[in-house]
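The values are calculated or read from the model by the stated rules, or taken from the named source; none is laboratory data. Just so it is clear, the structure is predicted and the values come from calculations on it, not from any experiment. Methodologically, a virtual Cβ is constructed for each residue, glycine included, from the backbone with ideal geometry; neighbour enumeration extends over all protein chains shown. These accessible areas exclude ligands, DNA and RNA; they are computed on the full protein's heavy atoms, side chains included. Shrake-Rupley method; radii C 1.70, N 1.55, O 1.52, S 1.80 Å.
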Amino acid sequence: NPFRAPIDLMNWRFFSAVRPGDNLIPWIFADKIYSHQPLIPFCCGDWLSSDRPPLQAGILLFFLPLKLLRGSGLNYQLLATGLQCSWVCGVWALVTALGASNRRFAQLMGLLAPSAFLFYNSVYVWPKLLAAAFIFFAASILIAALREHRSLTTAEVALAAACVGLAIMAHPGSVFSLPLFLLVVIVKRRLPWRGLAWGLLILFCFAAPWCAY
């Protein structure tokens, strides 16, 4: 019965061996805050609530008051799977920025959608694909400016920096994309120093509260 599914259903339903509980950390964090439970101890061993970025937990907190399927693991699973599938929007934005047609996008989706990697990370919902979607959005903004041989506007810098900030708040692996963004910006000179300063300030506003926590 999917409406009575345990929260850890996807840790073993589709896999030959039980997966670790990383996919449940955002749910544990959000549930403890919503239920006014202490965050120490957190979940297991010496884990802390600050060990993983909070974006998916924060989004879940917006939905918990609605009490949709409250008490069922299906509630978190549906929301988190929907968030991971935002990679589709990210790919569309990237393909559009590159100037490809919707037909090319459909062909690309035909190759990507059956991917075992994407299926795995859509049901085992540690938010890697959510982070990837935001990185795609940021890359799309930069690529559009490069193709048009112009500098990024202040609004584009702010939006791209916010996307990168959200990506980092979804999964720490996003930081490995930053050197590439900086390299392209510096080599192609599509971002004035003032714009770069604004972008770094926005990133700081995302990262500083979490680092302080």
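Calculate the FRET efficiency for Ala106 and Thr81 from the Cβ-Cβ distance with a Förster distance of 30 Å, rounded to the nearest 0.05.
Working: r = 22 Å, r/R0 = 0.73.
E between Ala106 and Thr81, to the nearest 0.05, is 0.85.
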Quick one: Karplus J couplings for the range 21-29, per residue in order, coefficients 6.51, -1.76, 1.60, θ = phi - 60°, nearest Hz, x for Gly and Pro? x, 4, 5, 8, 4, x, 5, 4, 4
Going by alpha carbons, how many degrees (0 to 90, nearest 10) lie between the helix axis of 178-188 and the longest principal axis of the chain? 10
Length gain on complete extension for the stretch Cys211 to Ser50, per 0.36 nm per residue less the alpha carbon to alpha carbon distance? 57.1 nm
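Would the range 96-178 count as rounded, prolate or oblate if I go by the C-alpha gyration tensor, calling it rounded below 1.5 in a/c and otherwise prolate when a/b exceeds b/c, oblate otherwise?
Numbers: a/c = 3.20, a/b = 1.22, b/c = 2.63.
Note, shape of the range 96-178 comes out oblate.
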Most to least packed among 179-185, 34-40 [average Cβ atoms within 10 Å]: 179-185, 34-40
FRET efficiency (Cys89, Leu61; Cβ distance; R0 30 Å; to 0.05) is 0.85
7 Å from Cα along Cα→Cβ at both Leu68 and Leu196: what's the point-to-point distance in nm? 4.3
If you build a Gaussian network model of the chain, linking Cα atoms that sit under 10 Å apart, which residue out of Trp92, Trp126, Trp193 swings the most? Trp193
How much of the accessible area of the range 134-181, in percent, comes from carbon and sulfur atoms when a 1.4 Å probe is used? 76
Any idea how far apart Thr153 and Leu39 come out in nm if each label point goes 7 Å out from Cα toward Cβ? 3.8
What residues qualify as long-range amide H neighbours of Ala5, i.e. H under 5 Å apart, gap of 5 or more or another chain, H built at 1.01 Å from N? Gly73, Leu74
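State whether the range 102-147 is rounded, prolate or oblate according to the following rule on the C-alpha gyration tensor (a ≥ b ≥ c being the square roots of its eigenvalues): a/c under 1.5 gives rounded; otherwise a/b larger than b/c gives prolate, and the remaining case gives oblate. Working shown, then result.
Numbers: a/c = 4.22, a/b = 1.34, b/c = 3.14.
It comes out oblate by the Cα gyration axes.
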